[in-house]
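Reading through the structure tokens given below for one structure.
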Amino acid sequence: MRAYWLFKLISNNFLVKIGPSITYRALQFGLPIKPLIKATLYKHFVGGETIEKCGETIKSLWKYNVGSILDYSVEGAETEQLFNETRDEIISTIKRAKGDKSISFCVFKVTGVAKFSLLEKVSSGLHLSITESAAFSTAQSRIDEICKTAYDNGVKIFIDAEESWIQNAIDEMAEKMMLFYNKTEAVVFHTIQLYRHDRLAYLKHSFDHSRNYGYYPGYKLVRGAYMEKERERAVDMHYEDPIQPDKAASDKDYDEALRFCLDNIDRISICAGTHNENSSLLLATLMDEKVLHVIIQTFGFRNCWV
Ligand SMILES: Cc1cc2nc3c(=O)[nH]c(=O)nc-3n(C[C@H](O)[C@H](O)[C@H](O)COP(=O)(O)OP(=O)(O)OC[C@H]3O[C@@H](n4cnc5c(N)ncnc54)[C@H](O)[C@@H]3O)c2cc1C
């Protein structure tokens, strides 16, 4: 019932538009709205304020065979100290997930451990100053520490995809991490956003890279979460919209990416990061067609998650 009323409310465009500024002002003026937020939005979308407090949610989901992904969702951090704290918290989620079947994966956003403006500069191929180069190599070390901890503890880790204008830097780091830690199986998973019209080609290119360099890639396939922002920026800055022309085109490339990964399932591990019923059904059908169910029943299925 809570989900029903919540989703009914947040499907109202007007409310969603004015909601953030009203909430922000109410918090600024010290109005007592925190308990209201905690009992509604927060309760639905947040598993817990600390790793320990997530325990109950993880347990209650696992009763129904639903695994959890521990996600320390900090965004917009800008200081080295905050980046280090975020790295440490992500590492704690990995250690908590070690050996626990109910926590299927851990995940992080590169912008939680690296400055957005720096990623933007690297992505556009601009020359970095000495200070910026040093900051970028520190950020790369944080990412390496996170992925190495995942590798050492046998925990699979997703690197989220973000805005297209910082994604080149994220791609480069994700490929490097897969090269280091996916020598015998996928530990690090790169995320591919199929709402971008260039990403199906990128997926194929990335797979070729993995074959040439002898590692096993992991891909989280998603449609993408920043559509409005992407379109607005492309108009404002007069460049080609990186997003597909319409929803049908995103759906088509998403399903094509699923087919491509399943065709190469001997080398690729995937997570289908979607709520879309047709894509989920397609994946189940493809698994069936490829007689993967025999493998699942016989050996347990290791390379595919929805
Ligand atoms: C486990 C998991 C991990 C995720 N990780 C990431 C991540 O790392 N990075 C990220 O960006 N997102 C991520 N997402 C969010 C995801 O990208 C989608 O926004 C969200 O899941 C909704 O898409 P869908 O496939 O579930 O379903 P649907 O409801 O079928 O698709 C909605 C999506 O279709 C696309 N779309 C809608 N209208 C149009 C249009 N007019 N033209 C073109 N495309 C359109 C948009 O991407 C929209 O979000 C993740 C989601 C899940 C479940």
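Laboratory data are not the source of any read-out in this text; all were calculated from the coordinates shown. The shown structure was predicted, so the numbers you read here are calculated from the model rather than taken from an experiment. So basically every Cβ, Gly included, is an ideal-geometry build from the backbone, and we count neighbours across all protein chains shown.
Write down the Kirkwood hydrodynamic radius of region 1-45, to one decimal in angstroms, obtained as one divided by the mean of 1/r over all alpha carbon pairs. If you can, show how the numbers build up before the last one.
Working: mean 1/r = 0.0889 Å⁻¹.
After inverting the mean inverse Cα-Cα distance, the result is 11.2 Å.
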Worksheet item: Separation between the residue 172 and residue 33 pseudo-spin-labels, each 7 Å from Cα along Cα→Cβ, expressed in nm?
Response: 4.2
Item to complete: Give me the lysines in straight-line cross-link reach of residue 63: C-alpha distance below 28 Å, same-chain residues under 8 apart excluded.
Response: 8, 38, 43, 53, 95, 98, 101, 156, 220
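Among 68, 280, 11, which comes first, then next, by fewest other beta-carbon atoms within 10 Å? Display every interim value, and only then the final one.
Details: 68 19, 280 14, 11 9.
Ranked by crowding around the Cβ, least crowded first: 11, 280, 68.
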Worksheet item: So between residue 98 and residue 128, what do we pick up on full extension, going 0.36 nm a residue minus the alpha carbon distance?
Response: 7.0 nm
Worksheet item: Stokes-Einstein at 10 °C, 1.306 mPa s, Kirkwood radius from Cα pairs: D for region 115-263 in µm² s⁻¹?
Response: 97
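Over the Cα atoms of the chain, compute the convex hull volume and normalise it per residue, giving Å³.
Working: hull volume 51.6 nm³, N = 306.
Residue-normalised Cα hull volume stands at 169 Å³.
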Worksheet item: Where does region 1-140 land on Rg/Rh, using Cα atoms and the Kirkwood Rh?
Response: 1.05
Worksheet item: Among residues other than residue 163 whose Cβ falls under 10 Å from its Cβ, what is the net charge (Lys/Arg +1, Asp/Glu -1)?
Response: -1
Worksheet entry | Highest-MSF residue in the chain out of 158, 136, 14 [GNM, Cα springs under 10 Å] | 14
